[in-house]
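These notes concern the structure reproduced below.
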């Protein structure tokens, strides 16, 4: 059975646009996975306390037959092997950050795997591109659509569509 999953992509080191394009391609090459939609790219301000350059962000929709844990494992491998991600500074600069936002309408709370992503509803840089490709998708915990979550978000983040 195919599941729809949503993955956030972010990059603020190197060629940010090329990094996003490469990440989409790498996710699309995963076994039993097919990218079915991708948002526009957005330039966004960092939301953490670490001083760093602006990010490029996007969200993709993936049709997959692999379970959420395996998908996460593949995503981490892409970050580490393809983009050489170093986790030396928490929320620090990175060539690629992949976050599993939603996996069907499932609620998963396991060690190192929480779906829906716990900060999804607080981040304009995720909600805005997600709303572009799935505005009527219902968040399984809040019962609200992505459009409703975005409309009610109070945030001073800068999010500019490229």
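Only the coordinates and a few stated rules stand behind these numbers; no lab work does. Being a predicted model, the structure only gives us computed values, none of them experimental. Here the Cβ positions follow ideal geometry from the backbone for every residue, glycine too, while neighbour counts run over all protein chains shown.
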Report summary line: Taking 41, 125 and counting other beta carbon atoms within 10 angstrom, the fewest-first order is 41, 125
Query raised in the report: Per-residue ellipticity at 222 nm for the chain, helices alone: DSSP H runs ≥ 4 residues times -39500 (n - 2.57), over residue total, nearest 500 deg cm²/dmol?
Result: -7000 deg cm²/dmol
Query raised in the report: residue 82 versus residue 161, label points 7 Å from Cα toward the beta carbon: distance in nm?
Result: 2.6
Query raised in the report: Among 47, 114, 59, which comes first, then next, by fewest other beta-carbon atoms within 10 Å?
Result: 114, 47, 59
Report task. For residue 17, put the label point 7 Å out on the Cα→Cβ axis and report which residues of the range 26-45 keep their amide N under 16 Å from it. Result -> 39-44
Query raised in the report: So what is the relative contact order of the range 26-72, in percent, for Cα pairs below 8 Å that sit 6 or more residues apart?
Result: 42
**Report entry** Whole-number percent relative contact order across the range 3-161, with pairs defined as alpha carbons under 8 Å at least 6 apart
**Finding:** 29
**Report entry** In nm, spacing of pseudo-spin labels at residue 51 and residue 110 (7 Å Cα→C-beta vector)
**Finding:** 4.1
Requested in this report: Mind running the shape call on the range 3-161? Use the C-alpha gyration tensor, a ≥ b ≥ c as the square roots of the eigenvalues: rounded below 1.5 for a/c, prolate if a/b tops b/c, oblate otherwise.
Outcome: rounded
